[in-house]
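Novice: Before anything else, here's the structure in question.
The values are calculated or read from the model by the stated rules, or taken from the named source; none is laboratory data. In this text the structure is predicted, and so the values were computed from the model without any measurement. Counting neighbours? That spans all protein chains shown, and the Cβs are built from the backbone with ideal geometry, glycine included. Side chains are part of the model used for accessible areas, which takes the heavy atoms of the whole protein and leaves out ligands, DNA and RNA. Shrake-Rupley method; radii C 1.70, N 1.55, O 1.52, S 1.80 Å.
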Amino acid sequence: ALRKGSDLEKAFATAALVYYNYADPKGKLSKAETKSLLQSQFWHVIQGQENKPKYQEIISSLNAESENKIDFEDFLFLLVSLTLMSDLLQEIKNVKTTK
């Protein structure tokens, strides 16, 4: 069914598949697992962002010792937040596709 979906539908389906492949049986990720997932699967976006205050805030929240786990909604919020502050976003804006 996803093969027939739009590019946007496929993008969100891919994000969901990656998330749930890492998630525990309850569909949650620990903060450490979330950080590891972002660093391994989203590194082109976060690369070079280490000195930005918003990036440091996000990563420090994932470093905080807490029993709280990340659900899919929170994970998507992290992806969007990291993308919005990324230098890669400007490159994405400059890409024009033809349909």
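Novice: Does residue 27 qualify as being open to solvent by less than 20 Å² (accessible area, probe 1.4 Å), part of a loop (DSSP other than H, G, I, E, B) and of a type outside the set (A, V, I, L, M, F, W, C)? First the steps, then the outcome.
Specialist: Numbers: open to solvent by less than 20 Å² (accessible area, probe 1.4 Å): yes; part of a loop (DSSP other than H, G, I, E, B): yes; of a type outside the set (A, V, I, L, M, F, W, C): yes.
Yes, satisfied.
Novice: Out of everything in the range 4-16 that is surrounded by 11 or more Cβ atoms within 10 Å (Cβ to Cβ) and assigned to a helix (DSSP H, G or I), what residue ends up being nearest to the chain's Cα centre (by Cα)?
Specialist: Residues of the range 4-16 surrounded by 11 or more Cβ atoms within 10 Å (Cβ to Cβ): 5, 9-16.
Next, from what is left, pick out any that are assigned to a helix (DSSP H, G or I): 9-16.
On the way: 9: 16, 10: 15, 11: 12, 12: 11, 13: 13, 14: 11, 15: 8, 16: 10 Å.
It comes out as 15.
Novice: Related question: Scanning the range 38-94 for residues that are among the aromatic types (Phe, Trp, Tyr), under 25 Å from residue 25 (Cβ atoms) and assigned to a helix (DSSP H, G or I), which turns out least open to solvent (accessible area, probe 1.4 Å)?
Specialist: Of all residues in the range 38-94, those among the aromatic types (Phe, Trp, Tyr) come to 42-43, 55, 72, 75, 77.
The next check asks that each one be under 25 Å from residue 25 (Cβ atoms); those that pass are 42, 72, 75, 77.
Checking which are assigned to a helix (DSSP H, G or I) leaves us with 72, 75, 77.
Numbers: 72: 45, 75: 8, 77: 137 Å².
Residue satisfying both the conditions and the ranking: 75.
Novice: Which one is farthest from residue 33 (Cα to Cα), of the residues in the range 47-99 that are charged (D, E, K, R) and either touching a strand residue (DSSP E or B) at 6+ places or on another chain (Cβ under 9 Å) or modelled with pLDDT of 80 or more (or both)?
Specialist: The residue in question is 52.
Novice: Looking for something among the aromatic types (Phe, Trp, Tyr) and touching a Phe, Trp or Tyr at 6+ places or on another chain (Cβ under 7 Å) - is there at least one such residue anywhere in the range 56-76?
Specialist: Within the range 56-76, one or more residues are among the aromatic types (Phe, Trp, Tyr) and touching a Phe, Trp or Tyr at 6+ places or on another chain (Cβ under 7 Å).
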